[in-house]
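Peer 1: First the structure, then my questions, so here it is.
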Amino acid sequence: MANDNQNGRLDLALSAMNDTSIESSEEKIIKIITSLEEEFGDHQKTIAEELQKVARQIEHSGKADLAMDFKQRTTSAMLRLNMERRRGLRPPAFTPGQTVAASASPFKPVTQSVAGAGSSRPQPSSPSASSTNLHSGAPSSRSAQDGTQVEYLVHPSRDVRGDARAFCDVLKGQKVWESAGGNICAIRFPSGPQIIIVEEIAFSCSVVLSVSNFEKHADNLEAQGYQIVGSVTTPTGSATVFASDCGSKFALMARK
């Protein structure tokens, strides 16, 4: 049974990473995580280890880029799941032996649109000990007040490869990362944050910031009326996109 579960998760992971629909891909990743919760309960370390096993299986099949994307996106998804559960936007994690029908309650998935979305006031809680180090190490501006850093600027493009050539061949930047599908890449210049070039259809924000205490800042943002509306892929992991009622968006990621 364990091998059947592992093979099923591998198949679903490969399907998610090759899915051209962002929404459908995210749903499959969440399904993988909730299936692990059904098997292991709310043991975050064990679930993370099982996800690492799936990533290694993907890598051993000759798809190293997909394996890296899978690691980044599942880390981000676990963080978002925990945050949404604390705010009552999702049902609690399953416990072993508990059926989905008995534990699940209706909820709306996070969407890419904030039109008509109401604000959700966060409840006080202690910071999670499982915050992931997603600091890129790239030169960045720093706020002395709270340690916020500009990690990436996001450039929407109708021709990712064409813009990458212009940024590298003409403007003398250096391509330092590219997603498995080639629809996202990162360009580094001698100074300033890296630029992420992303297909316009997947565009979600213009800047990616990093903070040392992600959950504290996420709570404060939601108290100001911002909503979590999705994620954006970066070379060092997925960043969570926040949006105001008027549609202004930016992304936030955790670092040590």
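The values are calculated or read from the model by the stated rules, or taken from the named source; none is laboratory data. Being a predicted model, the structure only gives us computed values, none of them experimental. Neighbour counts are summed over all protein chains in view; Cβ atoms, including those assigned to glycine, are modelled from backbone coordinates with ideal geometry.
Peer 1: Of all residues in the range 187-237 being more than 16 Å from the chain's Cα centre (by Cα) and closer than 11 Å to residue 152 by Cα, which is surrounded by the fewest Cβ atoms within 10 Å (Cβ to Cβ)?
Peer 2: Among those that are more than 16 Å from the chain's Cα centre (by Cα) and closer than 11 Å to residue 152 by Cα, it is 192.
Peer 1: Just to be sure I understand the filter: pairs with C-beta atoms under 7 Å, separated by 6 or more residues or on different chains, first member in the range 8-28 and within 15 Å of residue 70 (Cβ to Cβ), second member among the charged types (D, E, K, R) and in a helix (DSSP H, G or I). Which pairs pass?
Peer 2: 12/28; 12/31; 15/28; 16/28; 17/69; 19/28
Peer 1: Among the residues of the range 238-256, which ones are crowded, with 23+ Cβ neighbours inside 10 Å and aromatic (Phe, Trp, Tyr)?
Peer 2: Result: 242, single match.
Peer 1: Please identify the pairs in which a residue from the range 209-227 that is under 19 Å from residue 78 (Cα atoms) has its Cβ atom under 7 Å from the Cβ atom of a residue that is among the hydroxyl-bearing types (Ser, Thr, Tyr) and surrounded by fewer than 20 Cβ atoms within 10 Å (Cβ to Cβ), counting only partners at least 6 apart or on another chain.
Peer 2: 211/148; 214/131; 215/128; 222/119; 222/120; 227/119
Peer 1: So, one more: Output yes when any residue across the range 68-80 is more than 22 Å from residue 24 (Cα to Cα) and either at pLDDT 75 or above or not in a loop (DSSP other than H, G, I, E, B) (or both), and no when none is. Even if it seems obvious, please write down each step before you answer.
Peer 2: From the range 68-80, those more than 22 Å from residue 24 (Cα to Cα) are none; that's our starting set.
No.
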